[in-house]
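**Student:** Mind having a look at this structure? Questions to follow.
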Amino acid sequence: MATHTVIFGPQGDQVDVPTGTLLVEAARQANIDLQQPCGGQGRCGRCVVKVEEGAIRQRSSLRLSQEDLDKGYAPACQAVVEGEAHITVPPQEKIERRLTTDRVVGDVQVPAGYEPATAQSIQRIPLSLQPPSMDDQTDDWSRVQRALRQQADIKEVEISPSSLRSMGSALREKDWQATTIVDTRNWRQPEGTARLIDLIPGHPDDDAPMWGLAIDIGTTTVSVWLVNLLSGEVKAQVAEYNQQIGRGEDVISRIIYASKGEGGEEMRGLVLDTINELVKRACLRAQADAGEIVKATIAGNSTMMHLLLNIPAASIRLSPFVTAINHLPILLAKDVGLNIHPQASVDCLPGVASYVGADITAGVLSSGVDSSEEVKLFIDVGTNGEIVLGSRDWLVTCACSAGPAFEGAGVQDGMRATKGAIEEIWINADTYEPSYRVIGGVKARGLCGSGLIALLAELFLTGVLDKGGSFDTSLETPRIRKGEHGAEYVVVWAEESGHGEDIVITHVDVDNLLRAKAAIYAGFTVLADKVAVPLQSAEQVLVGGSFGKYINVEKAVEIGLLPDMPWEQFQFLGNTAIQGAYLALIDFEARQRIQEIAARMTYIELSADNSFYEAFTSASFLPHTDLKHFPSVAEKFEQMKNIQPAEVCAP
Amino acid sequence: MPIEIPKDSWAGEVRTVSFGATAENGGTRSKTITVGGEKTLPFLQFEVPMPHPPVIALEIKDRRPDDWSSLLLETWGDVVDDPGEWAKAAEEAGADLLQLTLSLTDNEGKPAKPDDAVAAVKKVLEASALPLIVMGPGQAEVDNELIVPIADATKGENLALGICEDKNYRTIVAAALANDHLVTSRAPMDVNLSKQLNILITDMGLPADRIIMDPTTGALGYGIEYGYSVMERLRLAALQGDAMTQLPMMVTVGTETWKTKEAKVGEDVPEAWGDWLERSINWETLTAVSLIESGADIVVLRHPESVRRVRLAIEDLMAVPEPA
């Protein structure tokens, strides 16, 4: 048989192999170890190489987009050598990708064409005042007002008693050279009275920053960005678990906790501690003084907003599910309890309903759904999955209670996405043996959301689970066994795990995950049905929430969590809530847009909708009862069935 | 002026399902039961004639039942002590086919044994040549334990075996696959759940024309509206072309009817309720006829008089009026 030379770059190793040799085998002979977690079935795409030139035939290209194929990429486990070839092996993926808290988010770009002088509502105005004299006995405050009118065209301005107390000395300290920091407008008074935040002696350097905060209070994670309001630049990004977690994992249990005794005040204290600690950390990093932070914009779900201010939130939990307030007035930092300038403006962004809060309106703003010509679907997956469908002409929204399963709670070996969590997993369809990747590259201690989604998809496609989510206990593997709660699959044996115990996924876990994903998908279908827009006609699916950043779209589609659309149509935006809060912080027009978004969004209460239950049962299946919704998964499932040895043959 | 009756036409149709193997097909049954094949809603003969009328099964047990109404026990008499005799009596009562429901325990309260279950089935097959449905007692593990040896021992007879449910279907489906039997798929009154179970069963390689679905129901006054509506929606989905709902439906009317208070209790009830036996038979007949109109292809009854009355109703419903 003819042999061919295959050259592997960039190292340049070369081997001679006969016609028909798989590229992975040729690579092995060239001492290149290509990872094949799926067992060489062309499903995982981890062994993809680039064929620079030469005769390579691809048996299957299940994993690759047309664009990748055009560029010459091929899964090495599916590529057969038919002539001389030159192959480039991409560097093998780095294992450790992230740590949970304080993730370094990519550099944030100040929006193109951003003009702080006109867009920023807070202005720092240096004033040169005429000192008083016997000829001009105008009082100090009128003198400042007059200067503001003449030098900055600010017609009316308010001042607080505490500022009045310090005004006189501040004016005189630098011989009537002073600087005012003025909040010129807010959502309630776009053209109205300005408010003096501070009056400081002298004139600062032009490039001395003026600080502001964008804050997102998530149920799980609180994020804070420290921003120079004079340029719009983000100078520090910090995040930490919301300390309220210790009083309940989800919003419901926190509302219950806050309703009892001093619980409300305790919850407020916990989230303030979290934020203030983060502010301190951000200031340290940017060498800023927290007392010079003059504005904060806050996004967060409606419950978090209530708990921040200790506004009773019980009505959010109980039918007919109303909030105390969806859109708070501008507050002062000293009243909220933020350890920044006491007179700083605190702007809590508007929500729509009990379960569609300011995190979503901010998310819609930053994802641009509200200005899109085409219909887009925006989802924020967390304990609650919030969904927005629409365009610049209309917006509908709903919230589905997915439960905390995807955040690792309610699942026996579930955990948050921290060190030791399995975040990706592949199961060999012949041996049912898993291979997986653990965050931090340590021994596994459990499974996080993305790991659970991947696991569910793999168990389904390899036939360990049937479409109804039941384990096939007749398969020949010790990993499927009878546990305390019925059938279970052992993902990691005790001797290989980080805590010396088996890591398993049980029948009950699978049911919980199925329900969670069904709730979210049912939300999509009900929302789409309501406006008679086919889900598939959405031009793009925008996935927000830090959870969304790490899920594998393909697997999420395989289990029927996300709609079956080409990968190119999915876009992962990360934490859209804080991005929206940031835009609102630096740009008054963006702030006004959020208000319009909140007003424009039509909220659909699923618990009052007859079609939800039907949609939910229909989605409580892998991937869905109606396979028409999931054509690509149906195809893959058929292919997988053909790969597997038929266990029972029809007579 | 002649009146033109508008006619609907549908994209889909119900699959035709047959079971019970005669001698020429390698079995010992006297006939084959064929149901399904509907191309429109039930009894709309002017649209498309209904190819197979609904059929009536009588339910018998492998031993004297502990929980059946005394009215039924009196009616059947001593035959209930012998499944063979009971089968013969049921055939004489006019059933199209039989359903043998296995008991969870034997006469002494001990767990049912596979050998005894096989023996009971054989007795029934010898005593009556009607096609047969065999149902386990309804506890997953016991069902599997009893139905598998029965499937093996009756290979070639082409029986319908149950109970397949979403959490327990593999074993029975595999046994049916290996021995040329059919299965019944039972789901709790929900269109999606019925459909899901049919998908699971066909995923194992059993052709859809070897499945009879049992959407379950409630008796008259006990949720029949819900059962009726689910069956109607299943049938509408089938006619609209949804493949996994295009299966004939069976309903266990007897089981549901004879556990109602109206059928169970003869004393201390309002006088207006009338004669106990008559009331019970009416209850079973009305439940059956209602569900036949929602699309049931097989109704499983318990009382011989109900069989006679339901049969008359089916004949009336099947009649094609002479064109005026």
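**Student:** So between residue A:330 and residue A:58, what do we pick up on full extension, going 0.36 nm a residue minus the alpha carbon distance?
**Tutor:** On the way: separation 272, 0.36 × 272 = 97.92 nm, distance 6.16 nm.
Difference between extended and current length: 91.8 nm.
**Student:** Sticking with this structure for a sec: Going by Cα centres, the stretch A:226-282 and the stretch B:60-137 are how many Å apart?
**Tutor:** Centre-to-centre (Cα) distance: 68 Å.
**Student:** Working out 0.36 nm times the residue gap between residue A:443 and residue A:314, then minus their Cα-Cα distance, what length gain in nm do you get to one decimal? Write down the numbers at each step before the final one.
**Tutor:** On the way: separation 129, 0.36 × 129 = 46.44 nm, distance 4.19 nm.
Stretched fully, the residue A:443-residue A:314 segment lengthens by 42.3 nm.
**Student:** Residues of the stretch B:295-324 with amide nitrogen under 19 Å from the 7 Å Cα-to-Cβ point of residue B:3?
**Tutor:** B:320-324
**Student:** So for the stretch A:120-265, what percent of the C-alpha to C-alpha distances run longer than 24 Å?
**Tutor:** Details: 5377 of 10585 pairs.
Of all Cα-Cα pairs in the stretch A:120-265, 51 percent lie more than 24 Å apart.
**Student:** So how compact is the stretch A:406-509: Cα radius of gyration and Dmax in angstrom?
**Tutor:** 12.4, 35
**Student:** Bins of 10 Å, beginning at zero and ending with the bin holding the largest distance: percent of Cα pairs per bin for the stretch A:211-348, please.
**Tutor:** Per 10 Å bin, starting at zero, the Cα-Cα P(r) for the stretch A:211-348 comes out as 13, 44, 31, 11, 1 percent.
**Student:** For residue A:253 paired with residue B:140, estimate the spin-label separation in nm (one decimal), with each label point 7 Å from Cα along the Cα-to-Cβ line.
**Tutor:** Result: 2.8 nm between the two label points.
**Student:** Further question on the same structure: Over chain B, with a Gaussian network built from C-alpha contacts below 10 Å, which listed residue (B:207, B:270, B:111) shows the highest mean-square fluctuation?
**Tutor:** Evaluated over chain B, the most mobile residue of the options is B:270.
**Student:** Now a separate question. Going out from 0 in 10 Å bins, what whole percent of all Cα-Cα distances in chain B drops into each bin?
**Tutor:** Going from the shortest bin to the longest, the percentages are 6, 27, 36, 23, 7, 1, 0, 0.
**Student:** At residue B:264 and residue A:602, where each label point lies 7 Å from the Cα along Cα→Cβ, what is the point-to-point distance in nanometres?
**Tutor:** The answer from the label model is 4.9 nm.
**Student:** Of all GluC sites (Glu not before Pro) in the stretch B:98-149, which ones are in loop regions per DSSP and have a Cβ with at most 15 other Cβ atoms within 10 Å?
**Tutor:** Details: sites: B:108, B:126, B:141, B:145; in loops: B:108.
For GluC sites (Glu not before Pro) across the stretch B:98-149 that sit outside H, G, I, E and B with at most 15 neighbouring Cβ atoms in 10 Å, the list reads B:108.
**Student:** Given the -39500 (n - 2.57) contribution per DSSP H run of 4+ residues, what per-residue ellipticity at 222 nm results for the protein assembly as shown, rounded to the nearest 500 deg cm²/dmol?
**Tutor:** For the protein assembly as shown, the value works out to -10000 deg cm²/dmol.
**Student:** Students often get this wrong, so check it: of A:467/A:555; A:467/A:517; B:31/B:155; B:88/B:155; A:467/A:628; A:71/A:376, which have C-alpha atoms separated by over 24 Å?
**Tutor:** Working: A:467/A:555 15 Å; A:467/A:517 14 Å; B:31/B:155 17 Å; B:88/B:155 22 Å; A:467/A:628 15 Å; A:71/A:376 29 Å.
Violating the 24 Å limit, Cα to Cα: A:71/A:376.
**Student:** Mind sorting B:167, B:7 by how few other Cβ atoms lie within 10 Å of their own Cβ, fewest first?
**Tutor:** Values: B:167 13, B:7 10.
Least crowded to most crowded, the residues run B:7, B:167.
**Student:** Now for a separate question. Would you tally the net charge around residue B:127, using a Cβ to Cβ cut-off of less than 13 Å, leaving residue B:127 out, and scoring K and R as +1, D and E as -1?
**Tutor:** Net local charge, residue B:127 excluded: -2.
**Student:** How charged is the neighbourhood of residue A:557? Take every other residue with its Cβ under 10 Å from the Cβ of residue A:557, and add Lys/Arg as +1 and Asp/Glu as -1. Present the calculation step by step, with values, prior to reporting the outcome.
**Tutor:** Details: positive: A:555, A:636; negative: A:554, A:558, A:564.
Result for the local shell: -1.
**Student:** According to a simple spin-label model (label point 7 Å from Cα along Cα-to-Cβ), what is the distance in nm between residue B:73 and residue A:114?
**Tutor:** 8.5
**Student:** What fraction, in whole percent, of alpha-carbon pairs in the protein assembly as shown exceed 49 Å separation? Numbers along the way, then the final one.
**Tutor:** Numbers: 194925 of 474825 pairs.
Of all Cα-Cα pairs in the protein assembly as shown, 41 percent lie more than 49 Å apart.
**Student:** Compute the Rg/Rh shape ratio of the stretch B:73-176: radius of gyration over Kirkwood radius, all on alpha-carbon atoms. Mind showing how you got there, number by number?
**Tutor:** Values: Rg = 13.5 Å, Rh = 14.0 Å.
The Rg/Rh ratio comes out at 0.96.
**Student:** Summing Lys, Arg as +1 and Asp, Glu as -1, what charge do residues with Cβ under 11 Å from the Cβ of residue B:83 carry, residue B:83 excluded?
**Tutor:** Values: positive: B:61, B:63, B:64, B:88, B:122, B:123; negative: B:62, B:81, B:82, B:85, B:116, B:126.
With Lys, Arg at +1 and Asp, Glu at -1, the net is 0.
**Student:** Considering only B:256, B:13, B:271, give the residue with the highest GNM mean-square fluctuation for chain B, with springs between Cα atoms whenever their separation is below 10 Å.
**Tutor:** Top of the fluctuation ranking is B:271.
**Student:** Most exposed first by the Cβ proxy, i.e. fewest other Cβ within 10 Å, how do A:47, B:164 rank? Intermediate values should be presented prior to the final figure.
**Tutor:** Numbers: A:47 25, B:164 28.
Ascending Cβ contact count within 10 Å gives the list A:47, B:164.
**Student:** State the extension gain, in nm to one decimal, for the chain segment bounded by residue A:169 and residue A:241, taking 0.36 nm per residue of separation less the distance between their alpha-carbons. Before the final figure, lay out each step's value.
**Tutor:** On the way: separation 72, 0.36 × 72 = 25.92 nm, distance 4.25 nm.
Separation in residues times 0.36 nm, less the Cα-Cα distance, equals 21.7 nm.
**Student:** With viscosity set to 1.306 mPa s and temperature to 10 °C, compute the Stokes-Einstein D of the stretch B:215-293, Rh being the Kirkwood radius across alpha carbon pairs; µm²/s, no decimals.
**Tutor:** Details: Rh = 13.6 Å.
Using the Kirkwood radius from Cα pairs, D works out to 116 µm²/s.
**Student:** Next up: For A:396, A:346, what ranking results if the residue with the fewest other Cβ atoms within 10 Å of its Cβ goes first? Provide the component values of the computation, followed by the final result.
**Tutor:** On the way: A:396 19, A:346 24.
Ranking A:396, A:346 by Cβ neighbours within 10 Å, fewest first, gives A:396, A:346.
**Student:** Related question: For the stretch A:324-357 and the stretch A:436-494, what is the separation of their Cα centres, given in Å?
**Tutor:** Cα centroid to Cα centroid, the span is 44 Å.
**Student:** Additional query: If the limit is 21 Å between Cα atoms, which of B:113/B:261; B:61/B:113; A:280/A:419; B:61/B:122 go over it?
**Tutor:** Numbers: B:113/B:261 32 Å; B:61/B:113 15 Å; A:280/A:419 25 Å; B:61/B:122 13 Å.
In this structure, B:113/B:261; A:280/A:419 exceed 21 Å between Cα atoms.
**Student:** Okay, next question. Build a GNM of chain B with springs between Cα atoms under 10 Å: which of B:254, B:295, B:156 gets the top mean-square fluctuation?
**Tutor:** Greatest mean-square fluctuation among the candidates belongs to B:156.
No lab work stands behind these numbers, since they all come straight from the coordinates. Being a predicted model, the structure only gives us computed values, none of them experimental. With ideal geometry, Cβ positions are generated from the backbone for all residues, glycine too; neighbour counts draw on all protein chains shown.
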